[in-house]
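Only one structure is covered here, and it is reproduced in the block below.
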Amino acid sequence: MSDATLKATAAASGASATERFLTDKTVQTEAGTDAARVNTLVTEVITAVHDVIRRHQVTYDEYNALKSWLIGVGQDGEWPLFLDVWVEHVVEEVAATGRGGSKGTIEGPYYVPGAPALPATSTLPMRENEAGTQLLFQGQVTGVSGEPLGGALLEMWQADDDGLYAQFAPGIPEWNLRGSVVADADGRFAVTTVQPAPYQIPTDGSCGRLIAAAGWHAWRPAHLHLKVYAPGHEPLTTQLYFKGGDHIQDDVASAVKPELVLDPRPAPGGGNEVVYDFVLDPAS
Ligand code: MBD
Ligand code: FE
């Protein structure tokens, strides 16, 4: 493991994820002021907690353990991580109802807007001798009738060969393995990158303590993140995984779908290559 791996702490990545979320101008922090809706949702959540306490005869020791753990999640800045790992997949499932284009999945806590713009055929920003198997990732963006979406934008971000994300772990160049790729006039793209490693959520923070206390594991399968956009179309947020990779069947974030699993083949020039096309729904 690299030095960067050793110094990546829950508190540091949590603080970065919290800061990133709170400063994202595109995130609405109030969904509306409909008191009836707030009343319904919050009452049902609180009632569900009451039900669990009664059904399992929860003790004061357990209540206080919960209270100190919840405080710790905030102190560690791990609310983005906790919510995106254990809650977001159901929000995405509901949001995707009725969509006809490519399947998507959760965004997670490590998207950063504004990655460097790159042409349709390009290499993601990476260090000299970036570790990992080279991957040529190519495809086409179309609408639901197969019409090419020229000039579509593909924002890509991923972990490196140590499973670490630039801007959320120390010692990695700011935009490493992050880019905003502009597809060509036929909606085609060909991006060279390296295959990411599986991602382990921080074990030294509050989410890690929960995982250890419950006897779970902390792993996500290796994945590429993408947001795909074209004018007049619904944006697609997705992740792509690697066939046969560890934790495809037991992702801690429950975000794998069969349509999202790549099967790269050895490329003639070395490394691997894979084709994956994106279909965007018309804007609603
Ligand atoms: C990740 O890299 C991720 O994609 C998600 C969803 C949660 C935690 C870490
Ligand atoms: Fe991720």
Counting only heavy atoms of protein chains, what accessible area per residue, in Å², does the chain have with a probe of 1.4 Å? 53
So, relative contact order of the stretch 85-150 in percent, Cα under 8 Å, 6 or more apart, is 25
Stretch TRP216-GLU234 to full length: gain in nm at 0.36 nm per residue minus the Cα-Cα span? 2.9 nm
Relative contact order for the chain using alpha-carbon pairs under 8 Å, separation at least 6, rounded to a whole percent? 23
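Using 0.36 nm per residue, how much length does the chain from ASP51 to ASP34 gain when fully extended, once their Cα-Cα distance is taken away?
That pair, ASP51 and ASP34, stretches by 3.5 nm at full extension.
Need one number: the % of Cα-Cα pairs in the stretch 126-263 sitting beyond the 21 Å mark.
In whole percent, the share of Cα-Cα pairs in the stretch 126-263 beyond 21 Å is 49.
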When the Debye formula is applied to the Cα atoms of the chain, each taken as the same point scatterer, what base-10 log of I(q)/I(0) results at q = 0.08, 0.09, 0.14 Å⁻¹? -0.38, -0.47, -1.10
For the stretch 65-207, compute Rh as the Kirkwood radius over C-alpha pairs and then the Stokes-Einstein diffusion coefficient at 10 °C and 1.306 mPa s; write the answer in µm²/s, rounded to an integer. 92
For the stretch 216-284, report the convex hull volume of the alpha-carbon atoms normalised per residue, in Å³, without decimals. 110
Before rounding to the nearest 500, sum -39500 (n - 2.57) across all DSSP H runs of length at least 4 in the chain and divide by the residue total; then give [θ] at 222 nm in deg cm²/dmol. -8500 deg cm²/dmol
Report, to the nearest whole %, how much of the accessible area of the chain belongs to carbon and sulfur atoms, 1.4 Å probe, protein only. 56
For labels at GLN138 and ASP61 in the simple 7 Å Cα→Cβ model, what's the distance in nm? 6.2
Segment GLU174-THR23, length gained on full extension (0.36 nm per residue, minus Cα span): 52.6 nm
Taking the Cβ of GLU234 as the center, what net charge do the other residues with Cβ under 11 Å away carry, scoring Lys and Arg +1 and Asp and Glu -1? 0
For the stretch 1-114, just the Cα set please: Rg and Dmax, both in angstrom. 17.8, 52
Using a basic spin-label model with each label point 7 Å from the Cα along Cα→Cβ, how many nm lie between ASP204 and ASP263? 4.1
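The values are calculated or read from the model by the stated rules, or taken from the named source; none is laboratory data. Fair warning: this is a prediction, and the values are worked out from it, not measured in the lab. Every residue, glycine among them, receives a Cβ derived from its backbone with ideal geometry; neighbour counts consider all protein chains shown. These area figures cover heavy atoms from the full protein model, side chains too; ligands, DNA and RNA do not enter into them. Shrake-Rupley method; radii C 1.70, N 1.55, O 1.52, S 1.80 Å.
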